[in-house]
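Contents: one structure, followed by commentary.
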Amino acid sequence: MIEREVTVRNRAGIHTRPASMLVKTASQFESEVYLRRDNYEINGKSVIGVMTLAAEQGAILTLVVEGDDEEEAANAITELFEDGFGEEM
């Protein structure tokens, strides 16, 4: 299991487009993907779940990935956050 903190860097936070990007990326892997915020955990492969986090710019989330391809999945998802989902930061 991999657990690491990720920070929402893009100005608009996690709205529909970044949520879709995150779910699409997470769904490419067999590993289970979860995001936590303030003791609230959601499935990272669910757009509705990701949207319920209401994660604004600067929010710190805990990424939890568990499975055979967890390292690759965690790296790909972390890269999305570090790149600000390709949006203005």
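Just one of (1) more than 22 Å from Glu88 (Cα to Cα); (2) under 9 Å from the mean Cα position of the chain (by Cα); (3) among the small types (Gly, Ala, Ser) fails for Ala19. It is (1). Within region 76-89, being exposed (fewer than 12 other Cβ atoms within 10 Å of the Cβ) and closer than 16 Å to Phe29 by Cα holds for one residue alone: Glu79. Which of the residues spanning region 22-51 are over 10 Å from the mean Cα position of the chain (by Cα) and touching a residue at least 24 places away in the same chain (Cβ under 8 Å)? Once the filter is applied, which keeps residues that are over 10 Å from the mean Cα position of the chain (by Cα) and touching a residue at least 24 places away in the same chain (Cβ under 8 Å), region 22-51 yields Gln28, Phe29, Glu30, Ser31, Glu32, Arg37, Val47, Met51.
Taking region 56-89 only, how many residues are among the aliphatic types (A, V, I, L, M) and in contact with a Pro (Cβ under 9 Å, 6 or more places away or on another chain)?
1
Every condition in (1) in contact with a Gly (Cβ under 9 Å, 6 or more places away or on another chain); (2) hydrophobic (A, V, I, L, M, F, W, C); (3) surrounded by fewer than 16 Cβ atoms within 10 Å (Cβ to Cβ) is met by Ile60 except one, and the failing one is (1).
Among residues of region 52-64 that are touching a residue at least 24 places away in the same chain (Cβ under 8 Å) and under 22 Å from Phe29 (Cα atoms), those with a Cβ under 8 angstrom from a residue that is part of a loop (DSSP other than H, G, I, E, B) and not charged (D, E, K, R), sequence gap 6+ or separate chain, pair up as Leu53/Ile14; Leu53/Ala59; Leu61/Val8; Leu61/Leu53; Leu61/Ala55; Leu63/Gly44; Val64/Met1.
All of the numbers you see were taken from the coordinates with simple rules; none came from a lab. Treat the numbers as computed from the prediction; the structure is a model and nothing was measured. Using ideal geometry, Cβ is built from the backbone for each residue, glycine included, and neighbour counts are taken over all protein chains shown.
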